[in-house]
Each structure stands twice: as structure tokens, then as C-alpha cells.
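What follows is a set of notes on a single structure, which appears directly below.
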Amino acid sequence: MSTLTPFGACVEHLRLSYAELADILSEGSGIPYSPHRAKMVCDGREPVPPFAWSALRLLNTQLDYYSDQLLQLHQQGGNDRFIVSMDDLRSMQLSRVLVRTILNLRGGVPVQLVDLPGPTFGFPGMS
């Protein structure tokens, strides 16, 4: 088992898969990254590209923004529980937002997982 570098710890904190990280690194550098190569960057066996930290910061900011919006919608709705459908969890990015939102719920609000057709939540570009 390898020791995580600070970059690898940040990737783990954001719950990114190596495939998703490879997409981010490929898009930013213009050089194709495989999931294996992305893992090597996390493990410190390849250098972290200069843009990678800012890309992770941007992703973290977007996750916070969407999570805050969901929390506000929940609080404005006055619901006694936070309802999530199975379809909401199919999108990796939306499930990442939902996990962050659920971790930020205050006051012991129960989370109910339902099997309704269609997503409960949705944001543009998060399919």
C-alpha cells in the first residue's frame, strides 16, 4: 500500500476516481492520461502538472457551491428529512455533491433513500 502525497490526499478527499482524475489531467494538459498514470501522479511517482492544483481547487469550489444550494433548498422546504432517489446517485458528480451535502446536514436530519423514477435533484451539466 502506497503512502499518499498531498495531491493524492486531496484527490481522495474529493472522492475522485483515477479515471476522473485522468480526464481532468488530460483536459488541462492536452496530453492523454490513463487512470494508471493518474494514480502514479497521486502516489508521487510522476510529477503533479502545474495546473492540477488549481483544477482541484475549482472542483472543490463547485462542489461547495452546489452543496450549499441543496442545503438552502432543503432548509427553505422545511422538510423533516433529506430525500435522495437512487437515480441521483447514478451520476458520479451529483453523488459527490450529495455526499458532501449529507455530511453538512445539521441537527440529526434523517436521510431517506427512495426508489422513485427520475432524479430528485439536478444541476445543469451534472448528468
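The values are calculated or read from the model by the stated rules, or taken from the named source; none is laboratory data. The model shown is predicted, which means the values in this text are computed figures rather than measured ones. Note that we place each Cβ from the backbone using ideal geometry, even for glycine, and neighbour counts take in every protein chain shown.
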May I ask you to list the residues in the stretch 20-64 that are among the aliphatic types (A, V, I, L, M), loosely packed, with under 14 Cβ neighbours inside 10 Å and under 29 Å from Thr101 (Cβ atoms)? Leu58
Mind listing just one residue for me: the one in the stretch 27-36 that is at pLDDT 95 or above and assigned to a helix (DSSP H, G or I) and, of those, farthest from the chain's Cα centre (by Cα)? His36
What pairs come up if the first residue lies in the stretch 98-127 and is closer than 15 Å to Leu73 by Cα and of a type in the set (S, T, N, Q), the second is assigned to a helix (DSSP H, G or I) and at pLDDT 70 or above, and their beta carbons are under 7 Å apart, counting only those six or more places apart or on different chains? Thr101/Ser67; Thr101/Leu70; Thr101/Leu71; Asn104/Ser67; Asn104/Leu71; Thr120/Asp88
Taking Ser91 as meeting all but one of (1) among the polar types (S, T, N, Q); (2) crowded, with 17+ Cβ neighbours inside 10 Å; (3) modelled with pLDDT of 80 or more, write down the number of the exception. (3)
Looking only at residues that are assigned to a helix (DSSP H, G or I) and either in contact with a Lys or Arg (Cβ under 9 Å, 6 or more places away or on another chain) or of a type in the set (Ser, Thr, Tyr) (or both) in the stretch 11-26, which one is farthest from Ala55 (Cα to Cα)? Tyr18
Suppose we filter Val84, Val11 for residues that are surrounded by 15 or more Cβ atoms within 10 Å (Cβ to Cβ), of a type in the set (A, V, I, L, M, F, W, C) and under 24 Å from Thr120 (Cα atoms); which single one remains? Val84
Considering only the stretch 17-47, how many residues are within 21 Å of Ser95 (Cα to Cα) and touching a residue at least 40 places away in the same chain (Cβ under 8 Å)? 2
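Would it be correct to say that Val99 is within 20 Å of the chain's Cα centre (by Cα), part of a helix (DSSP H, G or I) and in the same structural domain as Thr5 (by TED's automatic domain parsing)?
Values: within 20 Å of the chain's Cα centre (by Cα): yes; part of a helix (DSSP H, G or I): yes; in the same structural domain as Thr5 (by TED's automatic domain parsing): no.
For Val99, the condition - within 20 Å of the chain's Cα centre (by Cα), part of a helix (DSSP H, G or I) and in the same structural domain as Thr5 (by TED's automatic domain parsing) - is not met.
Conditions tested, residue by residue: (1) of a type outside the set (Ser, Thr, Tyr); (2) on the phi > 0 side of the Ramachandran plot; (3) not assigned by TED's automatic domain parsing to the domain that holds Arg100.
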residue	(1), (2), (3)
Phe7	yes, no, yes
Arg15	yes, yes, yes
Tyr18	no, no, yes
Glu27	yes, no, yes
Tyr33	no, no, yes
Cys42	yes, no, yes
